[in-house]
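The values are calculated or read from the model by the stated rules, or taken from the named source; none is laboratory data. This one's a predicted model, so the numbers in the text were calculated from it and none came from an experiment. All Cβ positions, even for glycine, are placed from backbone atoms using ideal geometry, and neighbour counts span all protein chains on display.
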Amino acid sequence: MVRRCEPADFASVLAVINDGARAYKGKIPADCWKEPYMPAAELQEELAAGVVFSACTQGQEIVAVMGLQDVADVTLIRHAYTRTTHQHHGYGSALLEQLRAQTQRPILIGTWKAATWAVRFYERHGFRLVSEAEKRVLLRRYWTVPGRQIQESVVLVDDRWRARA
């Protein structure tokens, strides 16, 4: 079941993010990894900046989360994670499809270039990588990330974004 997260879900959302992010350890550059991957204060900042999370549940347990954030003229998919024990069961796909249906705006997704599994996931759902030059422009325009993260990231776009060009 996919549902919108409520304030009472904060600890579960944080736990799913930090559990799912373990996949990055040893894959992304060491200077980009931190423990925990997302501290509670950072999640609070993301919520304050307008990221709205949805969750996929199994029974009462939140097993996957994904956020939407409207920025200027686009919608960003933010912080998409599935608990490691629940990966490859369709939870991420269910969330992505539900969130895509919630907006008519172009959707952009940023992820680590070393997260090849994530890039393949989004490509299977119709998103396409942009060029290195466009990536830098988009990350500076729509995200607030450090320069080092810009170097190590990719951006994928949907058909609505490509149709604008």
Checklist entry - Which of the residues spanning the range 16-28 are farther than 24 Å from Ala101 by Cα and out of contact with any Lys or Arg (no Cβ under 8 Å at 6 or more places or on another chain)? => result Asn18, Ala21, Arg22, Ala23, Tyr24, Lys25, Gly26, Lys27, Ile28
Checklist entry - Here is a list of conditions, (1) more than 20 Å from Phe53 (Cβ to Cβ); (2) surrounded by fewer than 17 Cβ atoms within 10 Å (Cβ to Cβ); (3) without any contact (Cβ under 8 Å) to a residue 40 or more places away in the chain; (4) of a type outside the set (Asp, Glu), and Val119 meets all of them except one; can you say which number that is? => result (2)
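Looking at Val52, Val16, Val63 in this structure, which one is in contact (Cβ under 8 Å) with a residue 24 or more places away in the chain, in contact with a strand residue (DSSP E or B) (Cβ under 7 Å, 6 or more places away or on another chain) and more than 20 Å from Ile109 (Cα to Cα)?
Working: Val52 fails: more than 20 Å from Ile109 (Cα to Cα); Val16 fails: more than 20 Å from Ile109 (Cα to Cα).
So the residue among Val52, Val16, Val63 that is in contact (Cβ under 8 Å) with a residue 24 or more places away in the chain, in contact with a strand residue (DSSP E or B) (Cβ under 7 Å, 6 or more places away or on another chain) and more than 20 Å from Ile109 (Cα to Cα) is Val63.
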Checklist entry - Does the range 93-113 include one or more residues that are on the phi > 0 side of the Ramachandran plot and either free of Cβ contacts under 8 Å to residues at least 60 places away in the same chain or among the basic types (Lys, Arg) (or both)? => result no
Checklist entry - If Glu46 passes every condition in (1) without any contact (Cβ under 8 Å) to a residue 40 or more places away in the chain; (2) not in a helix (DSSP H, G or I) but one, which one does it miss? => result (2)
Checklist entry - Taking Ala133 and the conditions (1) free of Cβ contacts under 8 Å to residues at least 24 places away in the same chain; (2) among the hydrophobic types (A, V, I, L, M, F, W, C); (3) surrounded by 21 or more Cβ atoms within 10 Å (Cβ to Cβ), which numbered condition does it fall short on, given that it satisfies the others? => result (3)
Checklist entry - Could you give every pair whose Cβ atoms fall below 6 Å, whose first residue belongs to the range 1-13 and is within 17 Å of Glu46 (Cβ to Cβ) and surrounded by 12 or more Cβ atoms within 10 Å (Cβ to Cβ), and whose second residue is of a type in the set (Phe, Trp, Tyr) and modelled with pLDDT of 95 or more, counting only separations of at least 6 or pairs across chains? => result Cys5/Phe53; Val13/Phe53
